[in-house]
Amino acid sequence: QVQLVESGGGLVQAGGSLRLSCAASGSVFSITTMGWYRQAPGKQRELVARITSGGSTNYADSVKGRFTISRDNAKNTVYLQMSSLKPEDTAVYFCNLKHNGGTRDYWGQGTQVTVSS
């Protein structure tokens, strides 16, 4: 199967920046959609950003213009560059992978991002 390992989470001040990384290993095919989701306390998990193998991206309205998702297909790694962070960005961020044409979603363990005021 697929294993996803996130890194880069931490504590930052409002207005600061942080970069998350997610490396995929195992039975990874090149044609995948990878993305980042987050879950804040008391809230449902929501899509933050996703990117296809071809580079097409989607962003949540709340992060558009502040976050940038990218990927390195050769390394099976997806990144999330977060800038102008706000306290409301505080959440556990999860990496996600789905094979094109597949139905199974793979998830990382999550990495905590905390933005202080």
**Request:** Could you run through segment 44-56 and say how many residues are β-branched (Val, Ile, Thr) and closer than 15 Å to Leu20 by Cβ?
**Result:** 2
**Asked** Only one of these conditions is not met by Phe94: (1) touching a residue at least 40 places away in the same chain (Cβ under 8 Å); (2) in contact with a Phe, Trp or Tyr (Cβ under 8 Å, 6 or more places away or on another chain); (3) within 16 Å of Ser17 (Cβ to Cβ). Which number is it?
**Response** (3)
**Asked** Condition test on Ala14, is it open to solvent by 40 Å² or more (accessible area, probe 1.4 Å), touching a Pro at 6+ places or on another chain (Cβ under 7 Å) and not acidic (Asp, Glu)?
**Response** yes
**Subset of segment 17-45 (residues that are open to solvent by 80 Å² or more (accessible area, probe 1.4 Å) and of a type in the set (D, E, K, R))** = Arg19, Lys43, Arg45
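Yes/no matrix, rows are residues, columns are (1) out of contact with any Gly (no Cβ under 6 Å at 6 or more places or on another chain); (2) at pLDDT below 95; (3) surrounded by fewer than 16 Cβ atoms within 10 Å (Cβ to Cβ):
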position: Gly65; (1), (2), (3): yes, no, yes
position: Asn73; (1), (2), (3): yes, yes, yes
position: Asn76; (1), (2), (3): yes, yes, no
position: Tyr79; (1), (2), (3): yes, no, no
position: Phe94; (1), (2), (3): no, no, no
**Fill in**
Listed by first then second residue, the pairs whose first member lies in segment 12-35 and is over 15 Å from Phe94 (Cα atoms) and of a type in the set (Val, Ile, Thr), whose partner is open to solvent by less than 50 Å² (accessible area, probe 1.4 Å) and not in a strand (DSSP E or B), with beta carbons under 7 Å and at least 6 positions apart or on separate chains, are Val12/Leu85; Val28/Asn76; Ile31/Ser53; Thr32/Ser53
**Request:** All but one of (1) touching a residue at least 40 places away in the same chain (Cβ under 8 Å); (2) open to solvent by 70 Å² or more (accessible area, probe 1.4 Å); (3) more than 18 Å from Gln112 (Cα to Cα) hold for Gly54, so report the exception by its number.
**Result:** (1)
**Asked** Would it be correct to say that Gln109 is closer than 17 Å to Arg45 by Cβ and open to solvent by 50 Å² or more (accessible area, probe 1.4 Å)?
**Response** yes
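The values are calculated or read from the model by the stated rules, or taken from the named source; none is laboratory data. Because the structure is predicted, anything quoted here is derived from the model rather than measured. Quick reminder, even Gly has a Cβ in these numbers, built from the backbone with ideal geometry, and neighbours come from all protein chains shown. What goes into the accessible areas is simple: the full protein's heavy atoms, side chains included, and nothing from ligands, DNA or RNA. Shrake-Rupley method; radii C 1.70, N 1.55, O 1.52, S 1.80 Å.
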